[in-house]
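To start, the structure itself, in structure tokens.
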Amino acid sequence: MIASFSDIFSVGRLGTDGIVVILVKSVVIVLALATAAAYLTLAERKIAARVQLRIGPNRVGPMGLLQPAADAVKLLFKENAAPGGRDKLLYLAGPAIAGGAAIFAFAAIPVSGLTCVGGQTSGSGCAGGYALHWDLIHVNVSLLFVLAVTSVGVYSLFLGGYAANSKYSLLGGLRSSAQLISYEMAVAFALIGAVILAGSLDLEKIVLMQHDVWFVVLQPMAFLLYFTAALAETNRLPFDLPEAETELVAGYHTEYSSMRFGFYFLGEYINMVTVCSIATLVFLGGWLPLLPFIHSDWLGGLVGVGWFLAKVGALLFVMMWLRWTLPRFRYDRLMSFGWKVLLPLGLVNIVITGAIVGLRAS
């Protein structure tokens, strides 16, 4: 039975053991995401160096593997400089929301979820029942939950730009608000096609419906639309207009330093992991193996976790590769691309998918 929010957060229903399990999983998620974000910065610098025929970080630790630790220490000990005319409450709320929302959204991401045992999964269900493996909370609208929480991130960008009392920060905050609100719609429309095929907003059920064929095969345009809009949602090139260092100094976080800036940085890279995780779950079969003779529940589900992480890692590499390959959009073209290209194509995909599913059902 799928847990509701009252089931998840009720001590009486879960018991002490259930609360302890959730707390342990929460700590694991926070530490894993923070570590992943740190080493994604190293990976990006290495990829950038490779693209530009440079060496990249290689001084701190073997092959530069301790560079993220050195960067973290540097951020911790840097002076917390702040503008005198700032709104003190909102100035602190911006980076807190950026880091907090990014981490909280991952709570409903199933790294390894419902696996069919004793039978094959098909459109009619699983003959042998399901075994639940690993996620923090399980709600029957987990995709909607993740999208709702990640959308809170737009407030952190706007608050950071507004509260700093700087025209450069304000311009970056305004442009980021317009961009993220526009491309959130494109992201949602791109995902609706897969939701129609699966008949559910539960990420685990969406993965199970891909047992025979991944949705990227059935929804190739939707996958491209989602990944393109996700680049804009995470402020990645060629859609990094909220920052646009060559135009706005550093955009909405111009007046932030030390760990306040670090939380913005952390939020950006964790959001990259989140959008790639959603793409993996909705279009690439999640923890289901690429090779049919390998079962995702081997070694207690660790093989499924490995497949999931490998797919997410491949998408993260593509995001970094694109950053150092494509030039930045002009702002008016950025907005036109979202409203006049991605959004109409998303609507067309929804109509076609709904028509085909309706005809097959009849």
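The values are calculated or read from the model by the stated rules, or taken from the named source; none is laboratory data. Computed from a predicted structure; not experimentally measured. Because the Cβ atoms are built from the backbone with ideal geometry, glycine has one as well, and the counts that use them run over all protein chains shown.
Results, tabulated for the structure shown:
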| item | result |
| --- | --- |
| Single residue of segment 272-291 satisfying the filter (modelled with pLDDT under 90 and not aliphatic (A, V, I, L, M)) that is nearest to Gly161 (Cα to Cα) | Gly286 |
| Whichever residue in segment 32-61 is free of Cβ contacts under 8 Å to residues at least 24 places away in the same chain and hydrophobic (A, V, I, L, M, F, W, C) and, among such residues, is surrounded by the fewest Cβ atoms within 10 Å (Cβ to Cβ) | Leu53 |
| Hits in segment 62-104 (condition: surrounded by 12 or more Cβ atoms within 10 Å (Cβ to Cβ), of a type outside the set (Gly, Ala, Ser) and not in a helix (DSSP H, G or I)) | Leu65, Leu66, Lys78, Pro83, Arg86, Asp87 |
| Pick from segment 230-255, criterion on the phi > 0 side of the Ramachandran plot and not aliphatic (A, V, I, L, M), ranking: modelled with the lowest pLDDT | Gly251 |
| Qualifying positions in segment 246-286 - acidic (Asp, Glu) and within 21 Å of Phe77 (Cα to Cα) | Glu255 |
| Cross-chain or 6+ apart pairs with Cβ under 9 Å, segment 88-113 first and without any contact (Cβ under 8 Å) to a residue 24 or more places away in the chain, then among the β-branched types (Val, Ile, Thr) and surrounded by fewer than 23 Cβ atoms within 10 Å (Cβ to Cβ) | Gly100/Val152 |
| Residue list for segment 148-158, restricted to those being part of a helix (DSSP H, G or I) and either of a type in the set (Val, Ile, Thr) or surrounded by fewer than 20 Cβ atoms within 10 Å (Cβ to Cβ) (or both) | Ala148, Val149, Thr150, Ser151, Val154, Tyr155 |
| Among (1) within 19 Å of Glu233 (Cα to Cα); (2) touching a residue at least 24 places away in the same chain (Cβ under 8 Å); (3) touching a Phe, Trp or Tyr at 6+ places or on another chain (Cβ under 9 Å), the one test that Tyr331 misses | (3) |
| Every residue from segment 143-192 that is under 21 Å from Ala107 (Cα atoms), at pLDDT below 85 and hydrophobic (A, V, I, L, M, F, W, C) | Val154 |
| Out of Ser258, Ser182, sole residue that is under 18 Å from the mean Cα position of the chain (by Cα) and surrounded by fewer than 24 Cβ atoms within 10 Å (Cβ to Cβ) | Ser182 |
| Single residue of segment 292-308 satisfying the filter (part of a helix (DSSP H, G or I) and surrounded by fewer than 16 Cβ atoms within 10 Å (Cβ to Cβ)) that is modelled with the highest pLDDT | Leu302 |
| Matching residues, segment 310-332, being surrounded by fewer than 13 Cβ atoms within 10 Å (Cβ to Cβ) and basic (Lys, Arg) | Arg330 |
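Residues are listed down the side, and each one gets a yes or a no for (1) assigned by TED's automatic domain parsing to the domain that holds Gly285; (2) among the hydroxyl-bearing types (Ser, Thr, Tyr); (3) farther than 19 Å from Tyr264 by Cβ:
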residue	(1), (2), (3)
Gly161	yes, no, no
Ala164	yes, no, no
Ser169	yes, yes, no
Leu180	yes, no, no
Leu208	yes, no, yes
Gln219	yes, no, yes
Leu225	yes, no, yes
